[in-house]
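In what follows, a structure is listed as structure tokens, so that the remarks can point back to it.
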């Protein structure tokens with residue numbers, strides 16, 4: 001049984017559909033990239049899986065149970081974490097206060113907090129600092145850490161390294177791999193440094209104009225001239 005199955009799904013904003021006939025499967029502990037040009041519908045897909053957007057048609061099945069009618073917080077409790085591309089921390093709150101907000105569904109999170117600080121030691125150093133004063137890479141780490149506090153089985157990341165300097169992006173990517181090694185499945189939306197990410201994932205999906213047009217391995221993707229032209233220009 002797959003961890004996540006998106007079946008013949010259609011969704012969008014209001015009366016306007018953006019995604020059509022989307023079929024995606026992710027296995028437990030798998031790391032998968034979602035690739036496509038800007039405006040292809042990648043963020044819309046994550047927002048629909050997380051419950052921010054409603055499903056117009058089709059199903060979302062997570063750990064064998066349909067979840068398309070659940071609220072976003074109910075999906076979080078089921079084990080789905082989602083890190084937005086932008087505005088993913090509370091800038092006026094400290095690092096520690098952000099983590100406390102991330103753990104709002106927990107009655108206590110001392111042990112999990114220690115695990116977060118071991119994974120992201122910079123956050124321990126910055127715990128009294130306002131999130132809005134962190135560097136771009138540190139903010140991304142804080143956003144990811146906040147989602148990890150609830151120990152998701154699936155972590156969805158929307159362009160987590162976008163706009164970061166190369167060295168910082170490599171550090172964030174390394175942390176994502178550490179999370180994957182801990183057994184968390186990852187759905188990774190990527191628009192930049194695609195070739196570098198392809199080396200890290202087991203499979204990739206390619207989206208264009210709200211539809212999935214390919215799914216396969218790095219080798220299969222890079223051997224397809226049409227896909228190369230679409231992705232790399």
**Message:** Only one of 39, 29 is under 18 Å from the mean Cα position of the chain (by Cα), modelled with pLDDT of 95 or more, surrounded by fewer than 21 Cβ atoms within 10 Å (Cβ to Cβ) and part of a loop (DSSP other than H, G, I, E, B). Can you tell me which?
**Reply:** 29
**Request:** Name the one entry in 51, 41 that is closer than 20 Å to residue 72 by Cα, in contact (Cβ under 8 Å) with a residue 24 or more places away in the chain and in contact with a helix residue (DSSP H, G or I) (Cβ under 6 Å, 6 or more places away or on another chain).
**Result:** 51
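Going residue by residue through the stretch 11-22, is there one that turns out to be in a loop (DSSP other than H, G, I, E, B) and in contact with a strand residue (DSSP E or B) (Cβ under 6 Å, 6 or more places away or on another chain)?
The answer is no, given that none of the residues of the stretch 11-22 is in a loop (DSSP other than H, G, I, E, B) and in contact with a strand residue (DSSP E or B) (Cβ under 6 Å, 6 or more places away or on another chain).
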**Request:** Name every residue in the stretch 91-118 that is at pLDDT 95 or above and part of a loop (DSSP other than H, G, I, E, B), in order of residue number.
**Result:** 91, 92, 93
**Prompt:** Only one of these conditions is not met by residue 48: (1) at pLDDT below 95; (2) part of a helix (DSSP H, G or I); (3) surrounded by 14 or more Cβ atoms within 10 Å (Cβ to Cβ). Which number is it?
**Reply:** (1)
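Tally the residues that are crowded, with 16+ Cβ neighbours inside 10 Å and either closer than 18 Å to residue 40 by Cβ or modelled with pLDDT under 95 (or both), restricting the search to the stretch 11-26. Before the answer, list the steps.
We begin by selecting, within the stretch 11-26, every residue crowded, with 16+ Cβ neighbours inside 10 Å; these are 11-12, 18-20, 22, 24-26.
With the extra rule that they be either closer than 18 Å to residue 40 by Cβ or modelled with pLDDT under 95 (or both), the set shrinks to 11-12, 18-20, 22, 24.
Of the residues in the stretch 11-26, 7 are crowded, with 16+ Cβ neighbours inside 10 Å and either closer than 18 Å to residue 40 by Cβ or modelled with pLDDT under 95 (or both).
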**Some residue of the stretch 119-134 being assigned to a helix (DSSP H, G or I), buried (at least 19 other Cβ atoms within 10 Å of the Cβ), touching a residue at least 12 places away in the same chain (Cβ under 8 Å) and more than 12 Å from the chain's Cα centre (by Cα)** = yes
**Asked** Taking the condition more than 28 Å from residue 178 (Cα to Cα), part of a helix (DSSP H, G or I) and in contact with a strand residue (DSSP E or B) (Cβ under 9 Å, 6 or more places away or on another chain), does residue 221 pass?
**Response** no
**Item:** Listing of strands (runs of 3 or more DSSP E) fully contained in the stretch 146-218 that carry 1 or more residues being touching a helix residue (DSSP H, G or I) at 6+ places or on another chain (Cβ under 9 Å), surrounded by fewer than 18 Cβ atoms within 10 Å (Cβ to Cβ) and free of Cβ contacts under 8 Å to residues at least 60 places away in the same chain
**Value:** 211-216
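Confirm whether residue 75 is in a helix (DSSP H, G or I), modelled with pLDDT of 95 or more and either over 20 Å from the mean Cα position of the chain (by Cα) or loosely packed, with under 15 Cβ neighbours inside 10 Å (or both).
Values: in a helix (DSSP H, G or I): yes; modelled with pLDDT of 95 or more: yes; either over 20 Å from the mean Cα position of the chain (by Cα) or loosely packed, with under 15 Cβ neighbours inside 10 Å (or both): no.
So residue 75 does not fit the description; no.
From the list 69, 8, 87, pick out the single residue that is farther than 18 Å from residue 212 by Cα, surrounded by fewer than 16 Cβ atoms within 10 Å (Cβ to Cβ) and at pLDDT 95 or above.
On the way: 8 fails: farther than 18 Å from residue 212 by Cα; 87 fails: at pLDDT 95 or above.
Among 69, 8, 87, only 69 is farther than 18 Å from residue 212 by Cα, surrounded by fewer than 16 Cβ atoms within 10 Å (Cβ to Cβ) and at pLDDT 95 or above.
The values are calculated or read from the model by the stated rules, or taken from the named source; none is laboratory data. Not measured: the values here are computed from a predicted model. Glycine also receives a Cβ, built like all others from the backbone with ideal geometry; neighbour counts cover every protein chain displayed.
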